Amino acid sequence: MAACQSKELLPLQHAHAAGIDIGAREHWVCLGSDPDADVRSFGVFTTDLQALADWLSERGVTTVALESTGIYWIPVFELLERRGFQVLLVDPRQTRRAGRPKTDVLDCQWIWRLHAAGILSPSFRPADLVCEFRGYLRRRLTLARDAGRYIQQMHKALDQMNVRLELAVSDVTGKTGLSIIKAILKGERDPAQLAKLRDRRCAKDEATIAKALQGNWREEHLFALQQGLDAWQFCLKQMRQCDERLHKCLRHMPKRTADGSEAIRPRLKGRKPNEPTFEARGLLTEVIGVDLTAIEGIDASTALTLYAEIGIDMSLFPTEKHFGSWLGLSPNAKKSGRYLDKRRSKPSASRAAWAFRLAARSLYRSQSALGAFFRRLKSRLGAPKAITATAYKLARLVYQMLKHGTAYVAQGMVEYELQFRERTLRNLHRRATALGYTLVPTAPT
């Protein structure tokens, strides 16, 4: 009786639909309500996936829904897309069945029922060229994190020998630090000779550096230092290989503008340690059609991350509020009648949201309208909420630029402060009038 009521409540919208419950060792597929004839399990090898696609073709299936379970959905998704199926990648939160028995068979049947009724909505996934670019960039970010860990291993090995190089130079992987580490590994132990490797731009003098380089030269610590240096240099080599792939992808992507070199602003500072080795701003401007680095707080690395994670097609997000909600940056109001539960932003693992937050965090000292906006919120709400609110503002700016192809028009801090003052005065006049008072300006003391 319950099954009949479920069918009446959820009428079929897609007659040729299928639902797949993704697993690490097997995939369960459902094509209809008959568990004996319409439900089958397949293995995870490539031949099994091809057999799954053949079975779907034989049964006349045109659209398939599957959950984004770990990374096990990727081979199934890509193979079915190549075979011409319309594939919906679904967030597991949409198919959650609270208070019901849970088995693989029931899960795939439930996914089929929801998909056949037209209830499920697909998760966001950029175009194939952007996905390829995103794979290279994510690999590069992983290598950058690994390189940071190996730098920490070098710090640990030096500290165990009581060689306090980090107190003499700001960066042990800079010119002075690397020269000293390589000389130590080659056998040099005299602090005075090691201090002579100091670069002329180093803030500390030779005497201070020599005092920091007196240590206990134990073989096991020197061995750990050597391995940390080799691993760090290997990560840098692999990052350069990723840069070559990223550069090649950008050069072969469709261009929206003829030449982006005229649209970008000149570089004000030197290249940061983890920035790409190629000039990415010009190529990225040609591909996107607008210069995202014109926005305060967004540099070339942040712009590359945003392009890799969200692409340039904003048609999937009807408004900027939808875009902010997908990122997890907009307020998440839960309202029942007149009772407002909370307005916290929902938790999100989006790398694009992470990039927006980092960009917002860098605006603390910016002499711009965005910097003044961040500092005003930080003084009133605290740093975490100010970062989220400023990141949401940056996301709205990027959405408008990508959606309409308009260039960013910077607003000065003085102009922003004047607008904020005028808005505050209007609000005060309105509140005073409502209470029966009149505001009278006084001369500043």
Relative contact order (%) - the range 279-409, alpha-carbon pairs under 8 angstrom, separation at least six: 30
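Between Asn162 and Ala203, what is the FRET efficiency for a Förster distance of 25 Å, r being their Cβ-Cβ separation, to the nearest 0.05? Can you show the working numbers first?
Details: r = 22 Å, r/R0 = 0.88.
My answer for the efficiency is 0.70.
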Between Val39, Leu56, Leu106, whose Cα lies farthest towards the positive end of the dipole of the range 23-106 when Lys and Arg beta carbons carry +1 and Asp and Glu beta carbons carry -1, centred on the Cα centre? Leu106
Between Trp354, Ala117, Ile310, whose Cα lies farthest towards the positive end of the dipole of the chain when Lys and Arg beta carbons carry +1 and Asp and Glu beta carbons carry -1, centred on the Cα centre? Trp354
Subtract the Cα-Cα distance of Arg149 and Ala98 from 0.36 nm times their separation in residues, and report this length gain in nm to one decimal. 14.2 nm
Among Gly187, Gly311, Gly228, determine the one that fluctuates most according to a GNM of the chain built with springs between C-alpha atoms less than 10 Å apart. Gly187
Determine the calculated [θ] at 222 nm for the chain from helices alone, applying -39500 (n - 2.57) to every DSSP H run no shorter than 4 residues and normalising by the residue count; nearest 500 deg cm²/dmol. -17000 deg cm²/dmol
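What shape does the range 279-409 have by the C-alpha gyration tensor, where a ≥ b ≥ c are the square roots of the eigenvalues, rounded means a/c under 1.5, and otherwise prolate means a/b greater than b/c and oblate the rest?
Oblate.
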The range 2-116: C-alpha gyration tensor shape, a/c 1.5 cut-off, then a/b vs b/c: prolate
Nearest-5 percent of antiparallel DSSP beta bridges in the range 2-116? 45
Using a simple charge model, +1 on the beta-carbon of Lys and Arg, -1 on the beta-carbon of Asp and Glu, nothing else, what dipole does the chain show about its Cα centre, in debye to the nearest 20? 2280
Once you sort the root eigenvalues of the Cα gyration tensor of the chain as a ≥ b ≥ c, which label holds: rounded (a/c under 1.5), prolate (a/b larger than b/c) or oblate (the other case)? oblate
Based on DSSP, what percent of beta bridges with both residues in the chain are antiparallel, to the nearest 5? 55
Using amide H atoms built 1.01 Å from N in the peptide plane, name the residues 5+ places from Val87, or on other chains, whose amide H lies under 5 Å from its own. Val64
Using the structure shown, list the pairs from Lys175/Lys248; Lys321/Lys385; Lys334/Lys403; Lys248/Lys346; Lys175/Lys237 with a Cα-Cα distance above 27 Å, or answer none. Lys175/Lys248; Lys334/Lys403; Lys248/Lys346
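Coordinate-derived values only; no laboratory data. From a predicted model like this one, the values you see are computed outputs, not experimental measurements. All Cβ positions, even for glycine, are placed from backbone atoms using ideal geometry, and neighbour counts span all protein chains on display.
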